[in-house]
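The values are calculated or read from the model by the stated rules, or taken from the named source; none is laboratory data. Given the structure is predicted, the values throughout are model-derived calculations rather than measurements. Because the Cβ atoms are built from the backbone with ideal geometry, glycine has one as well, and the counts that use them run over all protein chains shown.
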Amino acid sequence: MIQNQIIGTGMLLLTLGLGVYFVVQRFQTENEMGDVAVNPETEVLKKQDPGTQPTILNGNKETQSKSTTPPKKEKKKEMPAEFNKLTAFEASVILDKGTERADTGEYNSTVEPGVYVCRQCNAKLYRSNDKFEAHCGWPSFDDEISGAVKRKVDADGYRVEILCKNCDGHLGHVFEGERKTEKNIRHCVNSVSLKFFPEGKEPPAMIVKPN
């Protein structure tokens with residue numbers, strides 16, 4: 001009986017000793033490799049396109065590092081040398097299609113008789129007798145000088161942009177169906193895109209860009 005207990009105890013000690021030995025061997029092997037093994041369930045490296053750093057998945061939460069490729073700066077249009085020189089603000093509207101703040105434009109409340117020309121190229125665009133008060137914050141006209149203004153659908157597919165036909169300078173947008181006048185049309189124009197010449201004062205000649 002005592003002999004059997006001694007044998008059983010010996011086998012148990014032998015089993016424990018072998019377990020400790022294999023654990024120590026595995027620990028030493030991992031240290032010799034220089035890197036601790038990564039648990040595939042907690043961290044995964046995904047391949048990325050060239051120019052970006054890897055995406056690390058922590059459990060189910062994905063954290064993507066920023067691209068190493070610098071973002072491209074939007075190139076602004078250069079001022080044509082042939083046309084009138086524009087200020088930075090004028091260029092931001094006429095060339096880069098910006099919008100001046102409502103109720104701040106120079107000609108918003110102008111009622112004198114005269115003609116409105118393109119600030120960039122002096123092309124005659126609107127007559128004062130086609131200007132009306134639309135209470136929108138910008139000068140409004142329900143007609144244009146024939147052949148002076150061209151239209152282009154905005155990138156959003158809804159609004160229609162109006163531009164000087166001679167120089168492509170941005171003027172504003174045109175709206176139809178509002179029933180603000182009998183002609184049922186409204187050219188909503190930035191004052192900064194225009195230059196007003198009162199009746200009796202002839203505007204400078206239109207500048208035509210050479211081909």
Next item on the list: Exactly one condition in (1) exposed (fewer than 12 other Cβ atoms within 10 Å of the Cβ); (2) of a type in the set (Ser, Thr, Tyr); (3) in contact with a His (Cβ under 7 Å, 6 or more places away or on another chain) is not met by Ser146; state its number.
Entry: (3)
Next item on the list: Working only within the stretch 178-211, note down all residues that are of a type in the set (Gly, Ala, Ser) and either more than 17 Å from His135 (Cβ to Cβ) or outside the structural domain of Val160 (by TED's automatic domain parsing) (or both).
Entry: Ser193, Gly200, Ala205
Check: Pairs under 7 Å by beta carbon, first residue assigned to a helix (DSSP H, G or I) in the stretch 107-135, partner surrounded by fewer than 21 Cβ atoms within 10 Å (Cβ to Cβ) and among the small types (Gly, Ala, Ser), six or more apart or different chains?
Finding: Ser128/Gly114
Item checked: Among the candidates Pro198, Pro204, Pro210, residue that is of a type outside the set (A, V, I, L, M, F, W, C), touching a strand residue (DSSP E or B) at 6+ places or on another chain (Cβ under 6 Å), more than 17 Å from Val93 (Cα to Cα) and touching a residue at least 60 places away in the same chain (Cβ under 8 Å) -> Pro198
Check: Within the stretch 122-143, can you find the residues that are in contact with a helix residue (DSSP H, G or I) (Cβ under 9 Å, 6 or more places away or on another chain) and crowded, with 22+ Cβ neighbours inside 10 Å?
Finding: Leu125, Trp138, Pro139, Phe141
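State whether one or more residues within the stretch 155-168 are surrounded by fewer than 16 Cβ atoms within 10 Å (Cβ to Cβ), within 33 Å of the chain's Cα centre (by Cα) and at pLDDT 95 or above.
yes
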Checklist line | Complete set of residues in the stretch 180-211 that are modelled with pLDDT of 95 or more, of a type outside the set (Asp, Glu) and surrounded by fewer than 15 Cβ atoms within 10 Å (Cβ to Cβ) | finding: Lys183, Asn184, Pro198, Gly200, Lys201, Pro204, Ala205
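Here are Phe83, Phe89: which of them is out of contact with any Gly (no Cβ under 7 Å at 6 or more places or on another chain), aromatic (Phe, Trp, Tyr) and not in a loop (DSSP other than H, G, I, E, B)? Give the steps one after another, and end with the answer.
Numbers: Phe83 fails: not in a loop (DSSP other than H, G, I, E, B).
So the residue among Phe83, Phe89 that is out of contact with any Gly (no Cβ under 7 Å at 6 or more places or on another chain), aromatic (Phe, Trp, Tyr) and not in a loop (DSSP other than H, G, I, E, B) is Phe89.
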